[in-house]
Amino acid sequence: MKHTVCKAEELKEGQMKAFTIDKKSIVVIRSQSGEVYALRNVCPHKGPALSDGSLDGTCTASEPGEYNLEKVGEVLKCPWHNWEFDIKTGCSLFNPEKVKVKTFDVTEENGTVYVQV
Ligand code: FES
């Protein structure tokens, strides 16, 4: 079912907000490039709200001493132990096949953001 969550202008680039929809806590995030994503707002490790964490990128290394910052603004870090989740897929960066956060479909129509729950 499609639920209204907020006006599009209330969610700026790089910002996230938590909403309760059908008794589920959901974090809605606008990436720095403007797309909107929604994830279950519960860390699968110990359960804190992911919306209390931060949006960041992640560092990869192509060889010793050489670091690359990737997925800037597309990585949601848990506030407790910094597990990292890709906001586009909900997959953790350290074990994407097994450790994931549920994602929800998001649409923007006529200046309003909707989440399908
Ligand atoms: S509770 Fe989220 S990483 Fe531990």
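The values are calculated or read from the model by the stated rules, or taken from the named source; none is laboratory data. Computed from a predicted model, the values in this text were never measured in an experiment. Neighbour counts run over all protein chains shown; Cβ positions are idealised from the backbone, glycine included. These accessible areas exclude ligands, DNA and RNA; they are computed on the full protein's heavy atoms, side chains included. Shrake-Rupley method; radii C 1.70, N 1.55, O 1.52, S 1.80 Å.
Looking only at residues of the range 27-58 that are part of a loop (DSSP other than H, G, I, E, B) and hydroxyl-bearing (Ser, Thr, Tyr), we find that the one that is least open to solvent (accessible area, probe 1.4 Å) is SER31.
Within the range 63-88, if we keep just the residues that are in a loop (DSSP other than H, G, I, E, B) and closer than 13 Å to ARG40 by Cβ, the residue that is farthest from the ligand (Cβ to nearest atom) turns out to be ILE87. Being within 16 Å of the ligand (Cβ to nearest atom), hydroxyl-bearing (Ser, Thr, Tyr) and more than 18 Å from LYS102 (Cβ to Cβ) is a description that applies to SER54.
Hey, any hits in the range 44-54 for a residue that's in contact with a helix residue (DSSP H, G or I) (Cβ under 7 Å, 6 or more places away or on another chain) and touching a residue at least 40 places away in the same chain (Cβ under 8 Å)? Within the range 44-54, not a single residue is in contact with a helix residue (DSSP H, G or I) (Cβ under 7 Å, 6 or more places away or on another chain) and touching a residue at least 40 places away in the same chain (Cβ under 8 Å). Only one of the numbered conditions (1) in contact (Cβ under 8 Å) with a residue 40 or more places away in the chain; (2) within 16 Å of the ligand (Cβ to nearest atom); (3) open to solvent by 70 Å² or more (accessible area, probe 1.4 Å); (4) not small (Gly, Ala, Ser) is not met by LYS24, and that is (2). For the range 76-103, a residue qualifies if it is touching a residue at least 60 places away in the same chain (Cβ under 8 Å) and buried (at least 19 other Cβ atoms within 10 Å of the Cβ), and the qualifying residues are LEU76, VAL101. Looking across the range 2-21, the residues that are over 18 Å from GLU109 (Cα atoms) and either open to solvent by 30 Å² or more (accessible area, probe 1.4 Å) or within 16 Å of the ligand (Cβ to nearest atom) (or both) come down to GLY14, GLN15, MET16, LYS17, ALA18, PHE19, THR20.
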